[in-house]
Amino acid sequence: MSITESFRKTISFFDEILKEGFISDYALIGGLALSAWVRPRTTRDVDLVITISKKMTLSDIASLIETRLNRKVILQKGNKRTTIQEKLSFMMGQIEVDVISTKGFRLAAEAVENAVTAQVFDKSVKVASPEYLILLKLLPLSMQDEVDIRLLLKKAEMKSLRKLAEKYYLMPKIEPLLIKSRKPK
């Protein structure tokens, strides 16, 4: 199964459980979301943030994936020191799908609430805005995240970004990247 086909199947599944009320919303984040805003880059996973309906749990969503998609799901729980409190992962074809719950993760919840619809692989999907993608990438801040952030800074509305970074106490992490992005090359 190609990455495109895996992506389409994944999005179709989440659209289906959204219509059925198991989740109340979701948005694409990560490398594929990046491609909605800047030049696409190769990625080997699909990253989603979901808002689970009140009567459901992430374990319920995992069960739906296991029964409807026939996929083995790995559930992960966070702790007081981690930003992500609930996450699940499964393979769709040759790509990994990482699904982060907004439970206890206000930044992710806000990213979903403020996401916009974009075309990714000819599929209409909600995608986190450049400002929220930047903040979400600041949390792990790998070398690839830093490259992605530099690209996204060209699309971000800087006043909103600074306001959000202050709100989520991320100014110390973003300030060095903002300074680097202003330097002439």
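What follows is calculated from the coordinates using simple rules that are stated; it is not laboratory data. Quantities reported herein were computed from a predicted structural model and do not represent experimental measurements. Counting neighbours? That spans all protein chains shown, and the Cβs are built from the backbone with ideal geometry, glycine included.
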Quick one: check the C-alpha center-to-center distance for region 36-83 versus region 84-126, whole angstrom.
7
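Give a quick list of GluC sites (Glu not before Pro) in region 1-64 that DSSP marks as loop, anything other than H, G, I, E or B, with at most 10 other Cβ atoms within 10 Å. Show your work: numbers first, answer last.
Working: sites: 5, 16, 20; in loops: 20.
Answer in residue order: 20.
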Ellipticity estimate at 222 nm from DSSP helix runs (n ≥ 4, -39,500 (n - 2.57)) divided over the chain, nearest 500
-14000 deg cm²/dmol
Percent RCO, i.e. relative contact order, over the chain, from Cα pairs under 8 Å lying at least 6 residues apart
20
Placing one equal point scatterer on each C-alpha of the chain and summing with Debye, one gets log10 I(q)/I(0) at q = 0.15, 0.19 Å⁻¹ equal to -0.87, -1.36
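In the structure shown, do any of 137/180; 72/154; 80/173 have a Cα-Cα gap over 27 Å, and if so which? Spell out each step's value before the answer.
On the way: 137/180 16 Å; 72/154 39 Å; 80/173 20 Å.
Among 137/180; 72/154; 80/173, the Cα-Cα distance tops 27 Å for 72/154.
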